[in-house]
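Any read-out appearing in this document is the output of simple, stated calculations on the displayed coordinates, not a laboratory observation. Note that the coordinates shown come from a computational prediction; the quantities given were computed from them, not determined experimentally. In this analysis, Cβ positions are derived from the backbone assuming ideal geometry, glycine residues included, and neighbour counts consider all displayed protein chains.
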Ligand code: PEP
């Protein structure tokens, strides 16, 4: 069983949505595989409609932590849930770097997602500088703990995913080696198991995943699937990743 999540980011025009979604829906999956498409929020309803008879589910790329109110430009987890989406990406490194999503905000967004009965895909990952400093496990541990802190009980009962996305590998063409990714995934799993008392949590790898590197990464014991950016914008590439 593997999980394939697509993060379209701010890409794809309205005229291209149907072709991309149906191309993925039409790909033959094994029954235990799961596919999550995260389009820009303006396409959520269309994506929900196009996937309603399939194994593919829909997620938002970001939601605000308040339920409603005077927050111009934002959307709430409740809105996304009522549209029929099931996941929300929380704490993506681009949100952390470009939009001020800090640990405290991410913690609130995780809770808001759960309160709307959605499953968060919680992203963590170190920068190149942090990796080279040698102490990046401390960074990852702190990202995990601060995202879930105070929500352990509700998260224990919920379905949620962790995505390990080394910042230096996102959109750069530099992929973590299978060994590098496996080492970090094993570390994340052991930390999660101690926080959540043995609960089995799926951990996705993200960062320049392509058809050519997906197979080897997925062979690693603690890699349960992928969060894919660039390569998820092409039916051929994304379905090749799913077949790898
Ligand atoms: C991402 O944005 O989550 C990502 C992994 O992007 P890419 O696959 O393009 O590196």
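Data for the structure
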item: Difference of contour (0.36 nm per residue) and Cα-Cα distance, residue 159 to residue 210; result: 15.7 nm
item: For 65, 226, 238, order by how many other beta-carbon atoms lie within 10 Å, fewest first; result: 65, 238, 226
item: Stretchable slack from residue 33 to residue 234, in nm (0.36 nm times residue separation minus alpha-carbon distance); result: 70.4 nm
item: Kirkwood estimate for region 149-203, i.e. one over the average of 1/r between Cα atoms, Å; result: 12.5
item: Part-to-part distance (alpha-carbon centres) for region 4-32 and region 182-244, which is given in Å; result: 18
item: Binned Cα-Cα distances of the chain, short to long, each 5 Å bin given as a whole percent; result: 1, 7, 15, 19, 21, 18, 13, 6, 1, 0
item: Mean-position separation - Cα centroids, region 56-76 and region 96-171, in angstrom; result: 17
item: Percent RCO, i.e. relative contact order, over the chain, from Cα pairs under 8 Å lying at least 6 residues apart; result: 19
item: Modelled label reach - residue 22, point 7 Å along Cα→Cβ, region 34-50 residues with backbone N closer than 12 Å; result: 50
item: Simple label model, 7 Å out from Cα along Cβ direction - residue 243 to residue 219, nm; result: 2.0
item: Projected area, mean over directions - region 74-214, Cα convex hull, nm²; result: 8.8
